[in-house]
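The values are calculated or read from the model by the stated rules, or taken from the named source; none is laboratory data. From a predicted model like this one, the values you see are computed outputs, not experimental measurements. When we count neighbours, we look across all protein chains shown, and the Cβ atoms used for this are built from the backbone with ideal geometry, even at glycine.
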Amino acid sequence: MRIAYLSTIFSQKAVSGASIHVNQFIDNVVSLGHDVFTPPTDEHPQTKKLPKTRWGRFLILRQINILYYRIESILPPSSRWFQFPYYELIGRPVVVWEFNTVPEFGKMVGFRDEDIKQTKLKFIKYGKVCDLAICVSNALSDYVKNTLKIKNVKTISNASDPDLFHPDVKPTDKIKKNPDTLNVVWVGSANLSWHNFYLLKETALYLYSIVNNNKYSILFHVIGPGFRDNWDMPPNVLYHGPVEYKKLPEWLTAMDVGLCLYKPGPADYSSPLKVFDYMSSGLTVVGTSQPQMEELFLQLDQKDLLVPPDDPKALARVLLMLSKNCAFLKKQGEAGRCLVLERYNWEKNAQDTMTAINKVLTLKRKYSEKP
């Protein structure tokens, strides 16, 4: 199958969740024997690059089976190819939109309410040509069906690479492990305001204030870009800066607990990539209530590890409980790893994606062959 992946350009230096998802999608789809065509500036080594000239791109696009678009919160770049007359000229290929968030996410990056309203109207208008919408969470699937009026929707969650993230990876020597310290990690970017930094800070402050009242020490570790110039945390929160994704496993295996803390809002529709990497690394995950987190924690039988987004003492109580229960930590870490191996790995993600696409392609071919 020939897939034109038009809306995202992969960069080798990027460390964002979006870049990680793009890289894993391409790696695994290519490994299944498909050809992926990307813009000429794309840096992924396994993609076929589209020509720089308009005529050259047009000739290639006439030969592809799938127009595949990764969507954040706006109509994707290169959207003219699923609009009249370009769509007809390239032979009406199958159009797939991969939704990773809702248009309301635009508020996180400065969009006005009117901008978001217009974006939603465009999705509804052009969604009529969308043959398949792939959504990273069930909540997002419901939104795409009910709000954007797209009929054919399938949920395929984010995932992890269990060969890269593994409990047996040698831990970084920059983190000291000892039985009296619970190392708690949070991974992410400072520029995304849906992260609940308030909850992290207030929990750390509370635990720091009572540190002399218990023999267990809890250290928080923050990994990601953008914090250095705006760091205002107590001494029990350590900032390590951004870490290259391929080196992240050695940091995670030095930890005991992975945090996923969101504010209510657009994050309710997301599929937190960090959670699957925590699980794959054998960490116990603690997080705020969020639809996909609730589904995962139900599967892991650990709903007691979900906390309200505005209750630092509740998060502190959970972490204190974990600091005193090594057997439970190990049990939950093993359960998370098993769930990744069974359901939430990138290889299965790609297989499920291509199976869904092939069903649409087969139906479209049958329909076009009718007299």
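State whether one or more residues within region 128-141 are over 20 Å from L219 (Cβ atoms), surrounded by fewer than 18 Cβ atoms within 10 Å (Cβ to Cβ) and among the β-branched types (V, I, T). Yes, region 128-141 has at least one match. When each of K154, K247 is tested for being basic (K, R) and in contact with a helix residue (DSSP H, G or I) (Cβ under 8 Å, 6 or more places away or on another chain), the lone residue that passes is K154.
For region 152-182, name all the residues that are farther than 16 Å from L248 by Cα, surrounded by 11 or more Cβ atoms within 10 Å (Cβ to Cβ) and in contact with a Phe, Trp or Tyr (Cβ under 7 Å, 6 or more places away or on another chain). If the condition is that a residue be farther than 16 Å from L248 by Cα, surrounded by 11 or more Cβ atoms within 10 Å (Cβ to Cβ) and in contact with a Phe, Trp or Tyr (Cβ under 7 Å, 6 or more places away or on another chain), then S157, N158, L182 are the ones that fit. The residues of region 45-72 that are farther than 25 Å from C135 by Cα and touching a residue at least 60 places away in the same chain (Cβ under 8 Å) amount to a single one, Q63. Please find, within region 243-266, the residue that is modelled with the highest pLDDT out of those that are aromatic (F, W, Y) and under 19 Å from D168 (Cβ atoms). The residue in question is W251.
Residues in region 35-56 that are in a loop (DSSP other than H, G, I, E, B) and touching a strand residue (DSSP E or B) at 6+ places or on another chain (Cβ under 6 Å): P40, T47, L50. Applying the criterion of being more than 18 Å from the chain's Cα centre (by Cα) and either outside any loop (DSSP other than H, G, I, E, B) or among the hydroxyl-bearing types (S, T, Y) (or both) to the residues of region 6-34, the residue that is nearest to E98 (Cα to Cα) is V30. In region 196-250, the residue that is surrounded by the fewest Cβ atoms within 10 Å (Cβ to Cβ) out of those that are over 21 Å from D311 (Cα atoms) and of a type in the set (D, E) is D229. Looking at E114, E104, just one residue is part of a helix (DSSP H, G or I), more than 25 Å from S19 (Cβ to Cβ) and acidic (D, E), and that residue is E114. Across region 85-121, the qualifying residues are those that are out of contact with any helix residue (DSSP H, G or I) (no Cβ under 6 Å at 6 or more places or on another chain) and among the basic types (K, R), and the one among them that is surrounded by the fewest Cβ atoms within 10 Å (Cβ to Cβ) is R112. Pairs are defined by a Cβ separation below 6 Å, a sequence spacing of at least 6 or placement on different chains, a first member in region 325-344 that is touching a residue at least 60 places away in the same chain (Cβ under 8 Å) and of a type in the set (G, A, S), and a second member that is crowded, with 16+ Cβ neighbours inside 10 Å and not in a helix (DSSP H, G or I); the pairs so defined are G333/G282; G333/L283; G333/T284.
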